[in-house]
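Here's the structure, in structure tokens; my notes come after.
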Amino acid sequence: MKFRKPKLSDFQKAKVLVVGDVMLDRYWFGDVNRISPEAPVPVAKIGKIEHRAGGAANVARNIAALGGQVSLLSVVGNDEAAGTLADLLKQDNIGDYMHRSSHAPTTLKLRILSKNQQLLRADFEEKPDSGSLNSVYQMYGKLVGQFDAVILSDYGKGVLNEVQVLIASARAIGKPVLIDPKGTDFSKYEGATLLTPNRAELREAAGGWSSEQGLTDKAQKLCHDLDLDALLVTRSEEGMSLYQDDEVFHQETRAQEVFDVSGAGDTVIAAMGLCLAAKYDMPSAMHIANSAAGVVVAKLGTATCSFEELETTLKK
């Protein structure tokens, strides 16, 4: 099959709204040369601190890196982490529609690393309050018509509690809705344009399979039952598969060397959403998303793929 070649000018005109659970990834890098006299734990002397926008914000970063216009709608706390996150969004030219809540902190994941090995992760998070969620949904109603596609990034933190309302609002005005699902109940995503579960997530939601045909049957039944346009299953070293009606498209993995798979799912849905916003067909979008993911997994942490890197890997 001949795939549409990505054009930067197409991406630059496309507008994507990302809605979902955002978080700040904070990294403390240090050297470990001794054990604490207080307890049998290593002592890390911190020499460097880094911050990265995570969760739905990482999806938005990936769209911006590929050249697309993107805005982010979510809930954060009224705290230092929210300010850091706002600065990161501004650096990446991401539209900021973050509602600041005084009732819950910004979701923060703190990682302490030594020689690129993670020693500890500490999470700070609470579910958003109902008042903040109402503000987000009201803003969504005002914004959704201004964009070419919507991505709902579900990390199970609570922003997408009323996901069915968000899907229906966008689909009613003809906007494609792409969702990176969470949990075992995919019925709440009924009516979406595309779901992008990984292999394990699909197995949890739809049950196991013992053959390639069994996987195809499960995926296509899910498409039919949930009235989806398509289902994209990411399959680690086996690449990814796109299921549409009675058609199946498969792409082998493009990564030459896998260094870190964290954030690869964000890259996949970001590229798919940007391509659909630019009116590309689904198989071409998958081809582009697969290539972008291949770039990202060769990097450390939640990384992005630039348009130049995408072009280079597609020529290989």
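The values are calculated or read from the model by the stated rules, or taken from the named source; none is laboratory data. Computed from a predicted model, the values in this text were never measured in an experiment. Please note: Cβ atoms are built from the backbone with ideal geometry, for glycine as well, and neighbour counts cover all protein chains shown. Ligands, DNA and RNA are stripped out before the accessible areas are found, and what is left, the full protein with its side chains, is counted by its heavy atoms. Shrake-Rupley method; radii C 1.70, N 1.55, O 1.52, S 1.80 Å.
Quick notes on this one:
- Working note: Cα gyration tensor of the range 75-159, eigenvalues times five, square-rooted, sorted largest first, giving semi-axes of 26, 17, 13 Å.
- Pairs from K127/K188; K109/K315; K90/K127 whose Cα-Cα separation, in the structure shown, is over 29 Å: K109/K315
- Peptides ranked, highest mean first, by Cβ atoms within 10 Å: ranges 57-66, 213-222: 57-66, 213-222
- In percent, rounded to a whole number, the relative contact order of the chain is 18, using alpha-carbon pairs under 8 Å and six or more apart.
- Other residues within the sphere of radius under 14 Å centred on the Cβ of S135, judged by their own Cβ, net out at 0 (K and R +1, D and E -1).
- Choice from S153, S74, S101 with maximal GNM fluctuation in the chain (Cα, 10 Å cutoff): S101
- Within the chain, helix-based [θ] at 222 nm, where runs of 4 or more DSSP H residues each add -39,500 (n - 2.57), nearest 500: -11000 deg cm²/dmol
- Note on the range 28-115: with neighbouring protein chains present and a 1.4 Å probe, carbon and sulfur make up 49 percent of its accessible heavy-atom surface.
- Residue with peak Gaussian network fluctuation, the chain [Cα springs, cutoff 10 Å], from S102, S36, S236: S36
- Among V59, S74, N134 the positive-end extreme of the charge dipole of the range 1-160 (Cβ point charges): V59
- 13 Å beta-carbon shell around I151, net charge (K/R +1, D/E -1): -2
- 29 Å Cα-Cα threshold exceeded, pairs from K13/K142; K142/K182; K13/K218: K13/K218
- Probe 1.4 Å, protein heavy atoms only - accessible area per residue of the range 10-159 in square angstrom: 47 Å²
- Within the set (1) 1.26; (2) 0.91; (3) 1.00, the number that Cα Rg over 2.2 N^0.38 Å takes when calculated for this structure is listed as (3).
- Lys, Arg +1 and Asp, Glu -1 on Cβ, resulting dipole of the chain about Cα centre, debye, nearest 20: 760 debye
- With a cut-off of 10 Å between beta carbons, the residues surrounding G54 carry a summed charge of +1, where Lys and Arg count +1 and Asp and Glu -1.
- Paramagnetic reach from K45 (point 7 Å along Cα→Cβ, amide N under 20 Å) across the range 108-138: 112-120
- Of the residues M98, F147, S114, the one whose Cα sits farthest towards the positive end of the charge dipole of the range 25-170 is S114 (charges of +1 on Lys and Arg Cβ, -1 on Asp and Glu Cβ, taken about the Cα centre).
- Of all DSSP beta bridges confined to the range 1-95, the antiparallel ones make up roughly 70%.
- For the range 162-216, the solvent-accessible area works out to 44 Å² per residue, with a probe of 1.4 Å and every protein chain left in place.
- Beta bridge orientation in the range 39-169: antiparallel %, DSSP, nearest 5: 50 percent
- Antiparallel content of DSSP bridges confined to the chain, in %, to 5: 50 percent
- Between the range 145-198 and the range 87-119, the Cα center-to-center distance that results, in Å: 22 Å
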